[in-house]
Amino acid sequence: MAAFIIKRLLHSVIVMLAVGFVAFLMFNYVGDPINNMVGQETTVVQREQLREQLGLNDPFYLQFLRFAGNAAQGDFGLSYQHRRPVEDIIMERLPATLELSIMSALFALGVGVPMGVYTALNRNSVLSKVFMFVSLVGVSLPTFLIGILLIFLFAVQLQWLPSFGRPGVVDLGWWHTSLLTWDGWKAIIMPAITLGLFQMTLIMRLVRAEMLGVLRTDYIKFARARGLKNRAVHFGHALKNTMVPVITVTGLQLGTIIAFAIITETVFQWPGIGLLFIGAVRDADIPVMSAYLVMIAFFFVVINLIVDLLYFAVDPRLRVERPGASGGH
Amino acid sequence: MSDPLLKVEDLRVEFPTRRGTLVAVDGVSFHVDQGEVLGVVGESGAGKSLTGSAVIGLLEPPGRIAGGQVILEGERIDNLPYERIRRIRGRKIGAIFQDPLTSLNPLYTVGRQLVETILTHTDLSLSKARDRAIELLQEVGIPAADRRVDSFPHQFSGGMRQRVVIALALAANPRLIIADEPTTALDVSIQAQILALLKRLCREHGTAVILVTHDMGVIAETANRVAVMYAGRMAEIGPVRDVIKHPRHPYTIGLMGAIPSVGSDVERLSQIDGSMPRLTDIPTGCAFNPRCTKVLDRCRRDRPDLIPAGTSEVACWLYDDAGAAADIPAAQPAPGVAHVAG
């Protein structure tokens, strides 16, 4: 198990180096960094000085090592647009995106799993057919359209929920949250549903398919033959066996949720890193873009690591057998 | 003799499909006495496993019992509501399935699965149930049971797992165990051990067994009586010695001729021409008539019921005295019928 974790950590480092390299290339070769920083009236001599100062004349590998070293410490330089350290801007925006992502992941799991279980256990009921139809809609509709439809219905027509923004933010010093106020909750509902609807339908369909497969297995038949109660068979035996693929997909989808919050944040003007990234692309703010890239990669790597560890928790077959624990023949 | 433990009367199992209804088990009747071992043999698709599943109420939908009765200890159980039949499973009728590798939930320790079964059927406390689980594992011959109780199924070998499965089936001391090919998936060397274990435990507990298998050797070693099934119907049923030594139904005769035996110097084993008909085109009359070497005209017309013949019962017109006398035996099977391949 320890060896497995070390191996996984090494993999993660390699992935991060590769992504960092792409970010570095972007930094240095998408346009001229000096041109991006200075105004038109800067002389050639001044430019050359700045170039020397910033170490841009150093050999390629030295520049990359310096970039990687700085990035590892969370230093991505100054934003061209905001004239402030990139990491400060990102840390300001990150809580909004993480809160939104986690709420939509909880929504996707909390609704998707029960719906999947229900549709698997009651395949022919009317409600199951309704769920399956809704899930088809959820899979087919693009995110921005769902967002706009929700705004039209709940903000414009019914006027129950605000159509944009993140009000009611409470600053906790190291974090600022909108989940401590009623206004904040009202504002996060629609973006969270918009962002999580696709994942919810995906999880529902996955749970349903896995559950149907597991219900056909011999150990479920044997569990029934032993006279176990339906509840024990369905939730104790069947559901737990569907969890490995569900954890995998949910984990990967959580990364996707964070990365693709861009569209939802744009539709709802949610002040997270997605919105920041869109602004950075518009203004060719390379440091912000490369920092965003590295950060998203970091999330994916961390989530993958957690997913791998969860496998161990769920499936005993993966746990390394200690000598003596087996025996028999 | 008192009432039999289990009585199955005219059981019919159907599978509705798009191309019409398939009758997988057709008019099967038999009984099982207290503590006896009834072997059920037949080729794949003869309906022997389905008969077992139907008795315990575990037919996979869309399969369903379309007719007949299953009577356990005088009480009809085939039409019980789900919750009532659930209480019978495990407590009155246990089951053992073919593949011990897939019969146990891989995510739970064997102890947990045993305790869960015990708690479902008894009022024992958790710690008492655990003691009972260890006892059961000892009883089925798992070494160091008090330690192995916390092992996961994948940490046991196939034979050991089948022992665990037997322990699970016996956990609530059922009156009857339906063992569906319990040794087919195991090594030959392990098969004998598992059979001996099953036989010993059932004798000790007074548990009756329906032993479904296609292995005549297993039947000969284990069963008191044997039922031979063909194309979803009962062909012959009787004491195991009788059926093996003096088979009566032409199908059983063919079956016995196809078994090699040590010591006999038969050069060539006999075979039954053709194969079992598919469920979609079972011939009228006796289902075996196209392959039967002693076919009568009547066999193509009327379906024979079980007819007492000696100590056995046989579903064959040859043993219907009145019928055989009235009918002229066909000297040769009609051309094109004898060798119909399924």
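The values are calculated or read from the model by the stated rules, or taken from the named source; none is laboratory data. As the structure is a computational prediction, the values presented were derived from the model and not from experiment. All Cβ positions, glycine included, derive from the backbone under ideal geometry; neighbour counts span all protein chains shown. The accessibility values were calculated without ligands, DNA or RNA, using every heavy atom of the protein model including side chains. Shrake-Rupley method; radii C 1.70, N 1.55, O 1.52, S 1.80 Å.
Test each condition in (1) at pLDDT below 90; (2) away from every other protein chain (no Cβ under 14 Å) for A:Arg123 and report the one that comes out false.
The number of the failed condition is (2).
Just the residues that are in contact (Cβ under 8 Å) with a residue 12 or more places away in the chain and in a loop (DSSP other than H, G, I, E, B), please, taken from the stretch B:15-56.
B:Arg19, B:Asp33, B:Gln34, B:Gly35, B:Glu36, B:Gly42, B:Glu43, B:Ser44, B:Gly45, B:Ala46, B:Gly47
Applying the selection to the stretch A:260-275, what residues are among the aliphatic types (A, V, I, L, M) and touching a Ser or Thr at 6+ places or on another chain (Cβ under 9 Å)? Write out each step before concluding.
At the first step, the residues of the stretch A:260-275 found to be among the aliphatic types (A, V, I, L, M) are A:261-263, A:267, A:273, A:275.
Result: A:Ala261, A:Ile263, A:Val267, A:Ile273, A:Leu275.
For the stretch A:219-235, what are the residues that are open to solvent by 20 Å² or more (accessible area, probe 1.4 Å) and part of a helix (DSSP H, G or I)? Before you say what the answer is, go through the steps one by one.
Taking the stretch A:219-235 first, the residues open to solvent by 20 Å² or more (accessible area, probe 1.4 Å) are A:219, A:221, A:224, A:229-232, A:234-235.
Within the stretch A:219-235, A:Tyr219, A:Lys221, A:Arg224, A:Asn230, A:Arg231, A:Ala232, A:His234, A:Phe235 qualify.
Give me the pairs, please: first residue somewhere in the stretch B:96-113 and closer than 11 Å to A:His237 by Cα and facing chain A (nearest Cβ under 8 Å), second residue anywhere and surrounded by fewer than 20 Cβ atoms within 10 Å (Cβ to Cβ) and aliphatic (A, V, I, L, M), beta-carbon distance under 8 Å, and either six or more positions apart or on two chains.
B:Leu107/A:Val314
Of the residues in the stretch A:99-130, how many are under 19 Å from A:Glu210 (Cα atoms) and either open to solvent by less than 10 Å² (accessible area, probe 1.4 Å) or touching a residue at least 24 places away in the same chain (Cβ under 8 Å) (or both)?
Pass one, the stretch A:99-130, residues under 19 Å from A:Glu210 (Cα atoms): A:108-125, A:128-129.
The next check asks that each one be either open to solvent by less than 10 Å² (accessible area, probe 1.4 Å) or touching a residue at least 24 places away in the same chain (Cβ under 8 Å) (or both); those that pass are A:108-109, A:111-113, A:115-117, A:119-121, A:123, A:128.
Adding up the residues that qualify gives 13.
Scan the stretch A:15-22 and give yes if some residue there is of a type outside the set (A, V, I, L, M) and under 22 Å from A:Tyr292 (Cα atoms), otherwise no. Before you say what the answer is, go through the steps one by one.
Just the residues of the stretch A:15-22 that are of a type outside the set (A, V, I, L, M), to begin with: A:20-21.
Narrowing further to those that are under 22 Å from A:Tyr292 (Cα atoms): A:20-21.
Yes: one or more hits.
Of all residues in the stretch B:143-182, count the ones that are among the β-branched types (Val, Ile, Thr), in contact with a strand residue (DSSP E or B) (Cβ under 8 Å, 6 or more places away or on another chain) and assigned to a helix (DSSP H, G or I). Write out each step before concluding.
In the first step, residues of the stretch B:143-182 are kept if they are among the β-branched types (Val, Ile, Thr); the result is B:149, B:164-166, B:177-178.
Narrowing further to those that are in contact with a strand residue (DSSP E or B) (Cβ under 8 Å, 6 or more places away or on another chain): B:165-166, B:177-178.
So of that shortlist, the ones also assigned to a helix (DSSP H, G or I) come out as B:165-166.
The qualifying residues number 2.
Given the options A:Thr266, A:Thr256, A:Thr242, A:Thr250, name the one that is closer than 23 Å to A:Phe299 by Cα and over 16 Å from the mean Cα position of the chain (by Cα). Explain how you work it out, then say what you get.
On the way: A:Thr256 fails: over 16 Å from the mean Cα position of the chain (by Cα); A:Thr242 fails: closer than 23 Å to A:Phe299 by Cα; A:Thr250 fails: over 16 Å from the mean Cα position of the chain (by Cα).
The unique qualifying residue is A:Thr266.
Within the stretch B:140-184, work out how many residues are under 22 Å from B:Arg89 (Cβ atoms) and open to solvent by 40 Å² or more (accessible area, probe 1.4 Å).
The total comes to 2.
What number of residues within the stretch B:116-139 satisfy the criterion of being more than 8 Å from chain A (Cβ to nearest Cβ) and either open to solvent by 20 Å² or more (accessible area, probe 1.4 Å) or farther than 23 Å from B:Leu197 by Cβ (or both)? Working first, answer last.
Start the filter on the stretch B:116-139 by keeping residues that are more than 8 Å from chain A (Cβ to nearest Cβ), which leaves B:118-119, B:122-139.
Among the residues that remain, those that are also either open to solvent by 20 Å² or more (accessible area, probe 1.4 Å) or farther than 23 Å from B:Leu197 by Cβ (or both) are: B:119, B:122-128, B:130-132, B:134-135, B:138-139.
So the count comes out to 15.
What's the total number of residues in the stretch A:251-270 that are surrounded by fewer than 19 Cβ atoms within 10 Å (Cβ to Cβ) and not in a helix (DSSP H, G or I)?
The number of residues fulfilling the criteria is 2.
Of all strands (runs of 3 or more DSSP E) completely enclosed by the stretch B:223-342, which ones contain at least 1 residues that are surrounded by fewer than 21 Cβ atoms within 10 Å (Cβ to Cβ), in contact with a Ser or Thr (Cβ under 8 Å, 6 or more places away or on another chain) and modelled with pLDDT of 85 or more?
On the way: elements: B:225-230, B:233-239, B:307-309, B:312-314.
Result: B:233-239.
Return the only residue of B:Gly57, B:Gly52, B:Gly63, B:Gly39 being small (Gly, Ala, Ser) and at positive phi.
Numbers: B:Gly52 fails: at positive phi; B:Gly63 fails: at positive phi; B:Gly39 fails: at positive phi.
Of B:Gly57, B:Gly52, B:Gly63, B:Gly39, the one residue that is small (Gly, Ala, Ser) and at positive phi is B:Gly57.
Across the stretch B:73-95, which residue is farthest from the other protein chains (Cβ to nearest Cβ) among those that are at negative phi and open to solvent by less than 20 Å² (accessible area, probe 1.4 Å)? Before the answer, list the steps.
Applying the first criterion (at negative phi) to the stretch B:73-95 yields B:75-89, B:91-95.
Keeping just the survivors that are open to solvent by less than 20 Å² (accessible area, probe 1.4 Å) gives B:77, B:85-86, B:88-89, B:93-95.
Working: B:Ile77: 13, B:Ile85: 9, B:Arg86: 5, B:Ile88: 7, B:Arg89: 4, B:Ile93: 8, B:Gly94: 7, B:Ala95: 4 Å.
Checked the stretch B:73-95; the qualifying residue farthest from the other protein chains (Cβ to nearest Cβ) is B:Ile77.
Restricting to the stretch B:164-174, name every residue that is of a type outside the set (A, V, I, L, M) and more than 10 Å from chain A (Cβ to nearest Cβ). Show your work before the answer.
In the first step, residues of the stretch B:164-174 are kept if they are of a type outside the set (A, V, I, L, M); the result is B:173-174.
Scanning the stretch B:164-174 gives a single hit, B:Asn173.
Could you tell me which residue of the stretch B:114-128 is farthest from A:Ala238 (Cα to Cα), considering only residues that are among the hydrophobic types (A, V, I, L, M, F, W, C) and assigned to a helix (DSSP H, G or I)? If you could, list the steps in order and put the result at the bottom.
Of the residues in the stretch B:114-128, the ones among the hydrophobic types (A, V, I, L, M, F, W, C) are B:114-115, B:118-119, B:124, B:126.
From what's left, assigned to a helix (DSSP H, G or I): B:114-115, B:118-119, B:126.
Working: B:Leu114: 17, B:Val115: 18, B:Ile118: 19, B:Leu119: 19, B:Leu126: 23 Å.
Looking at the filtered set, the residue picked out is B:Leu126.
Residues that are over 28 Å from A:Ile257 (Cα atoms) and either of a type in the set (Asp, Glu) or modelled with pLDDT under 85 (or both): does the stretch A:158-172 have at least one?
No - not one qualifying residue is present in the stretch A:158-172.
Residue check: is A:Leu276 within 14 Å of chain B (Cβ to nearest Cβ) and either assigned to a helix (DSSP H, G or I) or open to solvent by 20 Å² or more (accessible area, probe 1.4 Å) (or both)? Outline the logic, then answer.
Working: within 14 Å of chain B (Cβ to nearest Cβ): no; either assigned to a helix (DSSP H, G or I) or open to solvent by 20 Å² or more (accessible area, probe 1.4 Å) (or both): yes.
No: the conditions fail for A:Leu276.
Checking B:Val70 against (1) buried (at least 19 other Cβ atoms within 10 Å of the Cβ); (2) over 17 Å from B:Leu58 (Cβ atoms); (3) more than 8 Å from chain A (Cβ to nearest Cβ), which test does it fail?
All conditions pass for B:Val70, except number (2).
Of the residues A:Val170, A:Val156, which single one is out of contact with any Asp or Glu (no Cβ under 9 Å at 6 or more places or on another chain), open to solvent by 70 Å² or more (accessible area, probe 1.4 Å) and in the same structural domain as A:Met103 (by TED's automatic domain parsing)?
Sole residue among the options that is out of contact with any Asp or Glu (no Cβ under 9 Å at 6 or more places or on another chain), open to solvent by 70 Å² or more (accessible area, probe 1.4 Å) and in the same structural domain as A:Met103 (by TED's automatic domain parsing): A:Val156.
Could we say that A:Thr177 is over 26 Å from A:Pro271 (Cβ atoms) and either among the polar types (S, T, N, Q) or crowded, with 18+ Cβ neighbours inside 10 Å (or both) here?
Details: over 26 Å from A:Pro271 (Cβ atoms): no; either among the polar types (S, T, N, Q) or crowded, with 18+ Cβ neighbours inside 10 Å (or both): yes.
For A:Thr177, the condition - over 26 Å from A:Pro271 (Cβ atoms) and either among the polar types (S, T, N, Q) or crowded, with 18+ Cβ neighbours inside 10 Å (or both) - is not met.
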